[in-house]
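Report on the following structure.
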Amino acid sequence: MGKPTGFLEINREELVDELPLDRVQHWNEFHKPMAKKAIQCQAARCMDCGVPFCHTGANLPSGASGCPVYNLIPDWNDMLYKGQWQKAFKLLMKTNNFPEFTGRVCPAPCEGACVLGIHEPPVTIKNHEYFIIEHAFEQGWITPNAPNTRTGKKVAIIGSGPAGLAAADELNQMGHSVTVYERADRAGGLLMYGIPNMKLDKQKIVDRRLQLLQDEGIEIKTSTEIGKDVSIAELQKTYDAIVIAIGSTTPRDLPVEGRGLEGVHFAMDYLTQTTKSLLNFNHDDNNYINAKGKNVVVIGGGDTGTDCVATALRQGCKSVKQLEIMPMPPETRADNNPWPEYPKIYKLDYGQQEAKAKQGVDPRAYEVMTKRFLGQDELEGVVATQIEWIKHEGRFVPQEVPGTEQIIEAELVFLAMGFTGPEQAVLKQASINLSEQGNIEANYGDFTTNVPGIFAAGDCRRGQSLVVWAINEGRAVAQKCNSYLI
Ligand SMILES: Cc1cc2nc3c(=O)[nH]c(=O)nc-3n(C[C@H](O)[C@H](O)[C@H](O)COP(=O)(O)OP(=O)(O)OC[C@H]3O[C@@H](n4cnc5c(N)ncnc54)[C@H](O)[C@@H]3O)c2cc1C
Ligand code: SF4
């Protein structure tokens, strides 16, 4: 490794972000670039630990640990330290089709499994990934690389999220002719309509990759819903294999009194409309749910909820609160969450940092359950109560704390409580078997459904997950699909 004593001499240095109160004034990405020298210096902290865990993508009983695409992290850290940027870039591209996405939005399970992280702040792995790929684009090292020969086999991919695009990239490079079908008007899945622009720039970053994939020979057909505009049977006639990568897009609802009131929306409707209007009209059309001057309550404390908080703040909401039914995580790892597991600890994500800067406090309230929505036709408030988790017949269940019911003033509510699985219509049409959880039944590593020639990958198979897992599944399903085709 580069510098054997680097981890003793150099402290972890994070990216400097634009200040929360400044960045809520716009919709652009807000990370400030770090100097190349500073990245090299941070790479020197990688400590030659002997048995690195950062790249393992291991499935531990408590969840995944380490990088799910098995990025060769210690090797590229060494190259960065030595200034071998092009070598580091080539190595990174061997394991990750889209490091510019993960370098921005991945929660970095690699850092949770970094050996240095046992006693000291871990190596800034995610930032290194981000800088390697952005440096490569800047230097012009990334140009379209179409395969020299074609196999004559045709593959249809349904869904253009990270799973579908990673599968498309791999299968195209293997020489198959790939067409990606996407029902939305733009490709990218949740990279385009889901994760907001300030976290991942659509025109500069997502479109840049989409253009590259198309220049390499992949056909992307947007505004085409399989099962409606084109049937599965038609695809089966035209293509030698099909990969379903339709995501997990059925939102979990909250069927309490007042759910039908004007002002209660699913988070994805809010986020999609906002991004679409930003990209098409720079928000001049007013054709989106607007939180300006309103009290907003976001129900759900995950990534989607955080994105709603950040979006509402940029629209100029009067106030924003985020209700989470689970307990507040601890400040440091709990005994049942040891290294190298992903650390489930209290953090202020970007949206909460921004809300805290505006409102003085973290917008999240923990162990809060929504009982009903108030209002005549339009929403006026949320009735919520404090709960505690008690053990009942071997599992934890929520129990209301008497006397804690409160009314929270709200003209807008966003439901961000996760997703229950893929939409069923297209799967029924194809007679695809589903698992007990409602996802597509296809084993990890095999990815074949009950219908010969039809494969499944990404959130529609594993349930709502992460961009990096979608890339992992896209890469792996391509291998299986290729074995079927040749
Ligand atoms: C708001 C939000 C924020 C998130 N933030 C993060 C984050 O910061 N970091 C992270 O790692 N993960 C994040 N995630 C999770 C991550 O985005 C997903 O795990 C990932 O995008 C899944 O990829 P996928 O390709 O399986 O599906 P998706 O990205 O959901 O793509 C599926 C695509 O299939 C299309 N489709 C569906 N049915 C059809 C059909 N019948 N015909 C044609 N097309 C169809 C859909 O329109 C969609 O474009 C977030 C999720 C949400 C909802
Ligand atoms: S993809 Fe995610 S887990 Fe893997 S190196 Fe990048 S940030 Fe870490």
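When region 274-290 is filtered for residues that are without any contact (Cβ under 8 Å) to a residue 60 or more places away in the chain and either closer than 13 Å to Asp307 by Cα or assigned to a loop (DSSP other than H, G, I, E, B) (or both), the ones remaining, listed by number, are Asn282, His283, Asp284, Asp285, Asn286, Asn287, Tyr288, Asn290.
Yes or no: Glu331 modelled with pLDDT of 95 or more and farther than 22 Å from Leu415 by Cβ? Spelling it out, Glu331 is indeed modelled with pLDDT of 95 or more and farther than 22 Å from Leu415 by Cβ.
Out of Ala156, Ala187, Ala146, one residue alone is assigned to a loop (DSSP other than H, G, I, E, B), farther than 26 Å from Thr306 by Cβ and of a type in the set (A, V, I, L, M, F, W, C). It is Ala146. Among the conditions (1) touching a Lys or Arg at 6+ places or on another chain (Cβ under 8 Å); (2) buried (at least 21 other Cβ atoms within 10 Å of the Cβ), the only one that Gly305 does not satisfy is (1). Selection over region 334-377 of residues that are without any contact (Cβ under 8 Å) to a residue 24 or more places away in the chain and touching an Asp or Glu at 6+ places or on another chain (Cβ under 8 Å) gives a count of 3. In region 243-254, the residues that are among the charged types (D, E, K, R) reach residues that are more than 6 Å from ligand 1 (Cβ to nearest atom) and part of a strand (DSSP E or B) with C-beta atoms within less than 6 angstrom, at least six apart or across chains, in these pairs: Arg252/Thr420.
For region 291-314, the criterion of being within 14 Å of Ala355 (Cα to Cα), without any contact (Cβ under 8 Å) to a residue 60 or more places away in the chain and not aromatic (Phe, Trp, Tyr) is met by at least one residue. Listed conditions (1) under 24 Å from Pro452 (Cα atoms); (2) not assigned by TED's automatic domain parsing to the domain that holds Asp215 are all met by Ala166, apart from (2). Please determine whether any residue of region 137-156 is surrounded by 24 or more Cβ atoms within 10 Å (Cβ to Cβ) and either within 16 Å of ligand 2 (Cβ to nearest atom) or in contact (Cβ under 8 Å) with a residue 40 or more places away in the chain (or both). The answer is yes; a qualifying residue exists.
The values are calculated or read from the model by the stated rules, or taken from the named source; none is laboratory data. All values reported here derive from a predicted model rather than from experimental measurement. Don't worry about glycine lacking a Cβ; one is built from the backbone with ideal geometry, like all the others, and counts go over all protein chains shown.
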